[in-house]
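Report on one structure; see the data block that follows.
The values are calculated or read from the model by the stated rules, or taken from the named source; none is laboratory data. Fair warning: this is a prediction, and the values are worked out from it, not measured in the lab. Backbone-built Cβ (ideal geometry, glycine too); neighbour counts: all protein chains shown.
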Amino acid sequence: MTPLAWLIALVLPACGASGAGGLPAPRLLDMNHIQRPASPNTALAAPAGTDPGADIVTPVFPVPPSHLYEAVLAVAAAQPRTFLAAAYPAERQAHFVARSAIFNFPDLITAQIAEAGREASTLVLYSRSVYGYSDLGANRQRVSTWLAAIETNTNQTGER
């Protein structure tokens, strides 16, 4: 932990923890009823027609839901300072904590995979800040980065 993170942790305790620590264990999130705050510190990637509206529209992936779920877990594990907080494989939902490099601010990311027909699936990614009003676009950038990596991963999986 950096000295700045240590100082910030005096006021914002979760900044003093490591990994997914310092935050309550995530429970299943009803991704069909996301309540987004008015603040600009969230990003939602979801299929077209999702309510609330998505910042980024996700495609239908040409792989079974179990393969997409594994691809999401692999992509998340490859991200810097990102930790699995909870996994619900039966529901195909996973929760992650990503921490900023200097201040150790935690952001929460939830991924939900759903079946979209035979050998196809959809993905909802919801990234949000724990602290602060604005995230300077960090959550949207994260969702974009993850989606690009997931699309690459699933295309490679589909070719096998």
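Looking at the stretch 39-49, can you tell me whether even one residue there is of a type outside the set (S, T, N, Q), under 25 Å from residue 145 (Cα atoms) and without any contact (Cβ under 8 Å) to a residue 60 or more places away in the chain? Checked the stretch 39-49: at least one residue is of a type outside the set (S, T, N, Q), under 25 Å from residue 145 (Cα atoms) and without any contact (Cβ under 8 Å) to a residue 60 or more places away in the chain. Of the residues contained in the stretch 131-145, none is found to be touching a residue at least 24 places away in the same chain (Cβ under 8 Å), among the hydrophobic types (A, V, I, L, M, F, W, C) and touching a Pro at 6+ places or on another chain (Cβ under 6 Å). Out of 148, 86, one residue alone is exposed (fewer than 15 other Cβ atoms within 10 Å of the Cβ) and aliphatic (A, V, I, L, M). It is 148.
Could you say whether any residue in the stretch 126-133 is modelled with pLDDT of 95 or more and of a type in the set (D, E, K, R)? Looking for residues that are modelled with pLDDT of 95 or more and of a type in the set (D, E, K, R), one finds at least one in the stretch 126-133, hence yes.
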